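Read the structure below first, then the notes.
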Amino acid sequence: MMALPPPNSLPGEPVPSRRALIRRPSPRVADGLVTHVERRTVDPRLALAQWRAYGEALRAHGWETVEAEPADDCPDGVFIEDTVVMFRNVALIARSGAETRRRETAGVEEAVARLGCSVNWVWEPGTLDGGDVLKIGDTVYVGRGGRTNAAGVQQLRAAFEPLGPGSSPYPCHGCSI
């Protein structure tokens, strides 16, 4: 899930959000990348049922869900938080260090643009995985590693620093989450 700003908010404007960007799992979800754990069997039908329940739980707790276009050819596409980092009304489209995951961003880019977000991109040689980013209030922490490099952190900083106090990312080296 990725929390989104309300429509018609201004870039950099701090706004509470009760909108969640979601994407249904691919029928190929069982073929997703696995790091740091042993591969386990994934049942695509169960994954879809769990995802539907997740969306229902969000809505039951007052969240509006915004569904990005399916990415059936992307096994990890359900992990939408890896593809974009949101800060206030600015969306930074990630460029994963895992080449096989880079196709996941197309539908996400369209979804955040439809919502009126200012859209920025991480460009080569930068790599950034949204799963390496942690926001606490207006503070952004970024872990560098296999999917996020120094150039990606620098581009994240360039996108968010103009948004005001507390928006400068703090790189975390050797972090494990």
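The values are calculated or read from the model by the stated rules, or taken from the named source; none is laboratory data. Computed from a predicted structure; not experimentally measured. Positions of Cβ are backbone-derived with ideal geometry, glycine not excepted, and every protein chain shown enters the neighbour counts. Each accessible area value is taken on the protein alone, full model and side chains, heavy atoms only, with ligands, DNA and RNA left out. Shrake-Rupley method; radii C 1.70, N 1.55, O 1.52, S 1.80 Å.
Looking at segment 114-121, is at least one residue closer than 20 Å to A71 by Cα and either in contact with a Phe, Trp or Tyr (Cβ under 7 Å, 6 or more places away or on another chain) or open to solvent by less than 10 Å² (accessible area, probe 1.4 Å) (or both)? Taking every residue of segment 114-121 in turn, none turns out to be closer than 20 Å to A71 by Cα and either in contact with a Phe, Trp or Tyr (Cβ under 7 Å, 6 or more places away or on another chain) or open to solvent by less than 10 Å² (accessible area, probe 1.4 Å) (or both).
Okay, residues lined up against (1) out of contact with any Cys (no Cβ under 8 Å at 6 or more places or on another chain); (2) closer than 17 Å to Q155 by Cα; (3) aliphatic (A, V, I, L, M):
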{"residue": "M86", "(1), (2), (3)": "no, yes, yes"}
{"residue": "A91", "(1), (2), (3)": "no, yes, yes"}
{"residue": "R95", "(1), (2), (3)": "yes, yes, no"}
{"residue": "T100", "(1), (2), (3)": "yes, no, no"}
{"residue": "G107", "(1), (2), (3)": "yes, no, no"}
{"residue": "A113", "(1), (2), (3)": "yes, no, yes"}
{"residue": "W123", "(1), (2), (3)": "yes, yes, no"}
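In segment 60-91, how many residues are of a type in the set (A, V, I, L, M, F, W, C) and part of a loop (DSSP other than H, G, I, E, B)? Number satisfying all stated conditions: 6.
Against the test of being polar (S, T, N, Q) and over 21 Å from A20 (Cβ atoms), the options T65, T139, T105 yield a single qualifying residue, T139. Screening segment 92-113 for residues that are assigned to a strand (DSSP E or B) and either touching a Leu at 6+ places or on another chain (Cβ under 8 Å) or hydroxyl-bearing (S, T, Y) (or both) and picking the one that is least open to solvent (accessible area, probe 1.4 Å) gives L92.
Within segment 33-57, being open to solvent by less than 30 Å² (accessible area, probe 1.4 Å) and either modelled with pLDDT under 95 or over 17 Å from the mean Cα position of the chain (by Cα) (or both) holds for one residue alone: A47.
Going by the conditions given, is V133 open to solvent by less than 70 Å² (accessible area, probe 1.4 Å) and either within 18 Å of L33 (Cβ to Cβ) or at pLDDT 90 or above (or both)?
Considered against the rule, which asks whether it is open to solvent by less than 70 Å² (accessible area, probe 1.4 Å) and either within 18 Å of L33 (Cβ to Cβ) or at pLDDT 90 or above (or both), V133 comes out as yes.
Which members of segment 123-146 meet the condition of being assigned to a loop (DSSP other than H, G, I, E, B) and closer than 23 Å to P70 by Cβ? Listed by number, the list holds a single entry, D129.
Kindly indicate whether A60 is more than 26 Å from T148 (Cα to Cα), among the small types (G, A, S) and either in contact (Cβ under 8 Å) with a residue 24 or more places away in the chain or out of contact with any Ser or Thr (no Cβ under 8 Å at 6 or more places or on another chain) (or both). It is true that A60 is more than 26 Å from T148 (Cα to Cα), among the small types (G, A, S) and either in contact (Cβ under 8 Å) with a residue 24 or more places away in the chain or out of contact with any Ser or Thr (no Cβ under 8 Å at 6 or more places or on another chain) (or both).
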